[in-house]
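Okay, structure first, notes after.
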Amino acid sequence: MLQIDDKLVSLDLVEKYFHCDLDSCLGACCIEGDAGAPLTEEEYEKICELLPEVYPMLTPAAQKVIEEQGPGYYDEEGDLVTSIVDGRDCVFTTYAPGGLCLCALEKAHREGKIPFFKPESCYLYPVRLKEYAGFTAVNFHKWKICKCAGILGRKKNMRAYQFLKDPLTKKFGKEWYEELAKVAGEWLKQQEEEKKG
């Protein structure tokens, strides 16, 4: 782990190559898994407020789920997450030609219909944050569906922390990200030197 202020950053975030490859995975993270995307209470309230603008973009099955239980629920671990359809698709998943998954919230935002972009947990992915007393763990979530992202990241010579510059900067600030980039660069250089012996 690397410590930047009160954040403990997983070495995987620094060492692993990563660049989303939507052409290969088609946005599988929106439809795979057994729970929805993590939400804060504030995000849930904002989504409920903006739902009328997004609702027409959703599939009939997603609309039915939202009518029955709302746009979010508490999962088995007690975490607030987006509702899901048939045990997998996030209710905000829409489909483009060719089967590409798109987020209805992000689509509505890009079209200027709503001010909300998408849940922070989605924007930061594959980072997952965990709050502890006195510090925040900044973890790298490994998922087999993101294997193509590792391959593309290596091809582009892009590490996960570099790919996530914008969401990490939005979350923790420009100074924090610049410090992370500096420390990460030093760490990677040290690792290369050790390999050379």
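Descriptive notes on the structure:
- Solvent-accessible heavy-atom area per residue, rounded to whole Å², over the range 41-119 at 1.4 Å: 56 Å²
- Helical runs assigned H by DSSP (4 residues or longer) give the chain a calculated mean residue ellipticity at 222 nm of -12500 deg cm²/dmol, each run adding -39500 (n - 2.57) before division by the residue total.
- If you plug the beta carbon distance of Lys165 and Glu45 into 1/(1 + (r/R0)^6) with R0 = 35 Å, you get a FRET efficiency near 0.80.
- For the range 137-197, the per residue solvent-accessible surface stands at 69 Å², with DNA, RNA and ligands left out and a 1.4 Å probe.
- Considering only alpha-carbon pairs that sit under 8 angstrom and 6 or more positions apart, the relative contact order computed for the range 95-151 is 17 percent.
- For the residue pairs Lys118/Lys171; Lys130/Lys174; Lys113/Lys147; Lys118/Lys189, the alpha carbons lie more than 25 Å apart in Lys113/Lys147; Lys118/Lys189.
- Just the protein heavy atoms count here, and of the accessible area of the range 30-78 at 1.4 Å, carbon and sulfur take up 51 percent.
- Computed over every Cα-Cα pair of the chain and binned at 5 Å starting from 0, the pair-distance distribution P(r) comes out as 1, 7, 14, 18, 18, 16, 12, 7, 4, 2, 1, 0, 0 percent.
- Accessible-area composition of the range 132-177, carbon plus sulfur, in percent [1.4 Å probe]: 51 percent
- At R0 = 35 Å, FRET efficiency that the Cβ-Cβ distance of Asp86 and Ala133 yields, to 0.05: 0.35
- Net length available on complete extension from Ala96 to Glu15 is 25.9 nm, with 0.36 nm assigned per residue and the Cα-Cα distance removed.
- Contact order, relative form, for the chain: 32 percent (alpha carbon pairs under 8 Å, 6 or more residues apart, mean separation divided by residue count).
- The range 24-92 - percent relative contact order, Cα under 8 Å, separation 6 or more: 45 percent
- Alpha-carbon centroid distance for the pair the range 1-76 / the range 175-197, whole angstrom: 30 Å
The values are calculated or read from the model by the stated rules, or taken from the named source; none is laboratory data. Fair warning: this is a prediction, and the values are worked out from it, not measured in the lab. Note: ideal-geometry Cβ built from the backbone for every residue, glycine included; neighbour counts use all protein chains shown. Note: accessible area is taken over every heavy atom of the protein model, side chains too, but ligands, DNA and RNA are not part of it. Shrake-Rupley method; radii C 1.70, N 1.55, O 1.52, S 1.80 Å.
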